[in-house]
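The values are calculated or read from the model by the stated rules, or taken from the named source; none is laboratory data. Everything numeric in this text was worked out from a predicted model, so none of it was measured. Cβ: placed from backbone, ideal geometry, glycine included. Neighbour counts: every protein chain shown. Calculation scope for accessible area: heavy atoms of the full protein, side chains included, ligands and nucleic acids excluded. Shrake-Rupley method; radii C 1.70, N 1.55, O 1.52, S 1.80 Å.
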Amino acid sequence: MIKRIFLLLIINYTVTITAQEPFYKTYSWDTNPDYTSLEISPEENIIAFKEKIVTEFYFNDKNSLVEYFMEHRLLWLNSDEIIEEYNKIYLPYSSNSELLVNKARVITKAGKVLELDESKILTAKDEETKKTYKYFAFEGIEKGSFIEYYYIIKRYPQYKGKKLSLQYSYNKKNVEFDLFSPKNLVFKFKSYNGLQNVMRDTLVKDKLHWKLHLDLVEKLEKEEKAPYNALRKYLIYKLDRNTSNNTYDISSYRNVAKNIYNYLYKKLSKKEVSSIKKIVKDAGLNKASDDISKIRKFENYVKENFYFSEINSEQLEDIETVISNKTGNEVGLIRVYIASLKSVGINTEIVLTSDRFETKFDDEFEANNFLTHYLLYFPSVKKCTSVDKLEARLGFPPPELTDNYGLFIKEVALGDYKNGIGKIKYINAPEVEVSEDKLLIDVSFDKEDLSLSNIKIDRSFSGYYARYIQPFFHLANEESLNELYDQLIKSINESITIKDKTAFNNKTEHFGVKPFKLVANTESNAFMDKAGKKYLFKLGELIGPQIEMYQEKQRNLPLESDFKRRYERIITIKIPKGFKVANLDDINIQNLYENDGDKLLEFHSYYKINDNILTVYANESYKLNKIETDFFEDYRKVINSAADFNKIVLVFEPK
């Protein structure tokens, strides 16, 4: 949908440019390839020995700007798994592009060249999305073979901000990037994560040329919970100037803010005003006392009663039609939100941002590839939401869109003239206190059989911990809810027998307001073992399985979590009559990372004992989403503390 809006931002080219033929007219590969002299590393599974990417912006004979894009790769494959992965190469083909050249071949270990004919350039259709794909279907690949292919497509020009990743999980040699444009179109570039800068080639006279050549791009290996795609070496390019008509800052957010505003804040017709009045009444906004209640009421009403569609259609964007049919796409629903809430005195700002696990929003380099996802921000309550995600609610937008910069677009008025103004601001992640997994457990033992534990479980989930539970209650039937409750209780231990259970705050409107809570009476013989006259009670297992992060090699990449979070666990144990606990000090565990006295990461378990009542506290808190490598070991110790607690076994011995 965002791309559709950006189509409005087309430059008006007023000068015809005469240029040489596009690059692809004279490009080809070696007709007699001999790769026997290449330096092979037999311990590697795959090596790229060539990667050449060329994009050229070109005025055709109708004086329309088009883009020619080429990718040429030579890959050495040295494992069955890699061969399976690369025996099909999909092409970036779409209904808006034209495949001009497509060539592929296999060069066997013995040097035999097997060129694919047209019958091996196949077409497939995704029945769900209805999209058509073209791909190379390689045959005859064996370990030690090369595959080589290149294709050229003609497409609608992508010049407002394009990301190109050049680093993968395998080594790449002889990597080249070239961008050509007419002499009047000036591009800007920025490199990320240590990639060298793209340079201007001043030797080419009839067109503009920028290039980057790298002898080697070392592989970047994936690590657990690292935002891998955001950490790879990549570059971004954008069109900045058209010197023919003296247009500057072509890809600036100033233009984006103006066009987004004009597209989403259109003046309402009389019929649309009538429709807005109806939905405001149906949602019960007139009965809400404050802004936050109004926004929540409206959002819950829409997400419970309206269907979200990903189809681009004018009907699905028309306010009257969306409200009448209770179906809309992202544009249509955003318009409904803006107009409805404005009618009850609540202003909305549009936020455009990126998924931080894919691309960090750069607050200094303006390019449309950072503007991939929408949020709605309500300045009166200082909270965001998202219209296209059912699990998102006010204050809890998709977490990957928080802890990141974004472009905030608000309406400003000067007399009767209204416009949209954009400003880059940080999208703060919800604080640790609002997303909590709280577990209260009371344990007593059968007087006749101490191996049988009677366990009362009181567990609650708030914030992001409840985002896949509470927002979906209106869609669930009694059977599926009962199954869900059992799964949540038995996540501690599958062998638990549930005697009874009660759920609280199990309505959609409770999300973000009250924690979802389950209280259950259970019993189990899985937690106690007998050893002679002693009993061994598996205290740690009461908190359920825990993540372990034990690794032999050094961490190279930072780690990122979805959201800030906290665990609170209080376990009360009635010690059997005539017994004492021999190893209470095993309970005491504390690991933390702090900065300026603020405990940013912490696990702390301790106990209190009063007569025969033992109360154990095991609390865990993560106030940071982003864990840099210089304090990763502190994070790992905190994470592993929960796993260490999980292994605690209390020894009950006769007094």
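Some points to look at:
- Solvent-accessible area of the chain (1.4 angstrom probe, protein heavy atoms only): carbon and sulfur portion equals 45 percent.
- When each of Lys326/Lys514; Lys52/Lys205; Lys266/Lys418; Lys222/Lys647 is checked by Cα-Cα distance, pairs over 18 Å: Lys326/Lys514; Lys52/Lys205; Lys222/Lys647
- Dipole-positive endmost among Ser244, Pro399, Leu74 within the chain (Cβ charges, Cα centre): Ser244
- For the chain, with +1 on Lys and Arg beta carbons and -1 on Asp and Glu, the positive-most of Ser37, Leu352, Met199 along the dipole: Leu352
- Cα gyration tensor shape of the chain, rounded if a/c is under 1.5, else prolate or oblate by comparing a/b with b/c: oblate
- Stokes-Einstein diffusion for the range 162-201 at 25 °C, viscosity 0.890 mPa s, with a Kirkwood radius from C-alpha pairs, works out to 199 µm²/s.
- Over all other residues within a Cβ to Cβ distance under 15 Å of Leu624, the charged ones net out to -4, with Lys and Arg as +1 and Asp and Glu as -1.
- Within the shell of other residues whose beta carbon sits under 9 angstrom from the beta carbon of Asp442, the net charge comes to +1, with Lys and Arg scored +1 and Asp and Glu -1.
- Ordering Tyr607, Val302, Tyr234 by the projection of their Cα atoms onto the charge dipole of the chain, which places +1 on the Cβ of Lys and Arg and -1 on the Cβ of Asp and Glu, puts Val302 at the extreme positive end.
- A straight Cα-to-Cα reach below 17 Å connects Lys507 with the lysines Lys297, Lys303, Lys517, residues fewer than 8 places away in its own chain not being considered.
- For the chain, the longest principal axis of the C-alpha atoms and the axis of helix 270-282 are separated by about 20°.
- Its Cα centre serving as origin, the chain has a Cβ charge dipole (Lys and Arg +1, Asp and Glu -1) of approximately 2160 debye.
- Axis of helix 478-490 versus longest Cα principal axis of the chain: the two differ by about 70°, to the nearest ten degrees.
- Between Lys125 and Val66, the FRET efficiency from the beta-carbon distance, with R0 = 22 Å, is close to 0.30.
- Computed from Cα positions, the angle between helix 291-305 and the longest principal axis of the chain comes to roughly 80 degrees.
- Loop-located trypsin sites (Lys or Arg not before Pro) in the range 357-407 (DSSP state not H, G, I, E or B) with no more than 16 neighbouring Cβ atoms inside 10 Å: Lys382.
- Average accessible surface area per residue within the chain, 1.4 Å rolling probe, Å²: 49
- In the range 424-485, the chymotrypsin sites (Phe, Trp or Tyr not before Pro) that fall in loop regions by DSSP, at most 13 other Cβ within 10 Å: Tyr468
- Long pairs among Lys287/Lys626; Lys163/Lys225; Lys447/Lys499, criterion Cα-Cα beyond 30 Å: Lys287/Lys626
- Cleavage-rule hits (GluC sites (Glu not before Pro)) in the range 101-158: DSSP loop, at most 11 neighbouring Cβ within 10 angstrom: Glu127, Glu128, Glu139
- In a fully extended conformation the segment linking Asn262 and Trp29 would gain 79.1 nm over its present Cα-Cα distance, using 0.36 nm per residue.
- Counting Lys and Arg as +1 and Asp and Glu as -1 over every other residue whose Cβ lies under 9 Å from the Cβ of Asn329, the net charge comes to -4.
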